[in-house]
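Asks: Below is the structure I would like to discuss, written out as structure tokens.
The values are calculated or read from the model by the stated rules, or taken from the named source; none is laboratory data. Remember, predicted model here, so these are calculated numbers, not experimental data. Please note: Cβ atoms are built from the backbone with ideal geometry, for glycine as well, and neighbour counts cover all protein chains shown.
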């Protein structure tokens with residue numbers, strides 16, 4: 001007599017939010033058709049952007065949006081890591097500290113005093129840092145916001161045990177594919193496309209705007225060469241510093257170059 005087989009339980013998924021605008025989570029919700037297909041194969045145990053229901057861990061996959069910007073965040077991410085077999089960070093905030101990491105170059109007390117009526121009630125760290133600065137991360141998915149197709153492929157890949165398919169080329173390759181004339185060459189606009197990872201479809205250059213580095217540094221970037229080229233064409237260092245120190249400004253490659261530009265500008269300004 002054969003024992004009755006128990007139904008195999010679905011892999012469990014949890015989505016977490018830290019300091020962010022929720023844009024990357026909304027990308028997942030916007031892919032509602034494919035998300036419903038995924039929900040048939042996965043138990044979405046926690047996703048507060050979509051439902052107030054929270055089932056306790058452990059979870060097979062944890063997806064984290066947002067940066068660490070408070071002491072409470074710093075403690076909570078440790079528990080998140082313990083609860084999740086695989087931990088994935090999504091978006092610029094989670095992978096590089098986000099636009100809020102601009103405060104890392106300033107004084108947090110001054111920022112808080114200028115924004116809040118009662119600064120004493122605000123409990124914030126002096127920095128906004130990526131999740132990987134605090135706990136081991138199994139995979140990072142960049143973007144501001146992330147591409148919904150890449151995000152769903154990422155989840156599927158983890159569940160199937162294969163490596164996610166994420167572009168490793170630069171935004172310039174996307175400009176070529178869509179037939180966009182290079183704004184840096186044709187219009188003299190300083191653009192981060194040559195040093196930024198692909199993934200957005202080159203939206204900004206297609207509208208005669210520079211790439212702002214939303215998907216973070218591409219592999220083997222040479223930022224010094226690029227910014228030096230723009231500077232020789234007449235772009236002020238101050239403008240280049242602000243361009244590099246943007247959405248992914250605290251990513252190591254961008255951070256090092258913006259610091260170099262700022263330092264060189266300060267040295268030149270001395271009497």
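Asks: Quick one: what pairs do we get from segment 115-133, first residue in contact (Cβ under 8 Å) with a residue 60 or more places away in the chain, second in a loop (DSSP other than H, G, I, E, B) and surrounded by 15 or more Cβ atoms within 10 Å (Cβ to Cβ), C-beta under 7 Å, 6+ apart or different chains?
Replies: 128/69; 128/97; 128/98; 129/97; 130/97; 131/137
Asks: Check off (1) under 30 Å from residue 203 (Cα atoms); (2) in a helix (DSSP H, G or I); (3) touching a strand residue (DSSP E or B) at 6+ places or on another chain (Cβ under 9 Å) for residue 143 and give me the number that stays unchecked.
Replies: The single condition residue 143 does not satisfy is (2).
Residues are listed down the side, and each one gets a yes or a no for (1) under 24 Å from the mean Cα position of the chain (by Cα); (2) touching a residue at least 40 places away in the same chain (Cβ under 8 Å); (3) farther than 21 Å from residue 132 by Cα; (4) crowded, with 21+ Cβ neighbours inside 10 Å:
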{"residue": "163", "(1), (2), (3), (4)": "yes, no, no, no"}
{"residue": "169", "(1), (2), (3), (4)": "yes, yes, yes, no"}
{"residue": "173", "(1), (2), (3), (4)": "yes, no, yes, no"}
{"residue": "194", "(1), (2), (3), (4)": "yes, no, yes, no"}
{"residue": "197", "(1), (2), (3), (4)": "yes, yes, no, yes"}
{"residue": "227", "(1), (2), (3), (4)": "yes, no, yes, yes"}
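Asks: Give 92, 50 a once-over and let me know the one that is over 30 Å from residue 257 (Cβ atoms) and touching a residue at least 12 places away in the same chain (Cβ under 8 Å).
Replies: Result of the check over 92, 50: 50.
Asks: Looking at (1) surrounded by 15 or more Cβ atoms within 10 Å (Cβ to Cβ); (2) not in a helix (DSSP H, G or I), can you tell me which one residue 220 breaks?
Replies: (1)
Asks: Out of (1) more than 21 Å from residue 247 (Cβ to Cβ); (2) modelled with pLDDT of 95 or more; (3) touching a helix residue (DSSP H, G or I) at 6+ places or on another chain (Cβ under 9 Å), the odd one out for residue 95 is which?
Replies: (1)
Results for (1) at pLDDT below 95; (2) assigned to a strand (DSSP E or B); (3) touching a helix residue (DSSP H, G or I) at 6+ places or on another chain (Cβ under 9 Å), shown as yes or no for each residue.
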position: 153; (1), (2), (3): yes, no, no
position: 157; (1), (2), (3): yes, no, no
position: 162; (1), (2), (3): yes, no, yes
position: 172; (1), (2), (3): no, no, yes
position: 189; (1), (2), (3): no, no, yes
position: 204; (1), (2), (3): no, no, yes
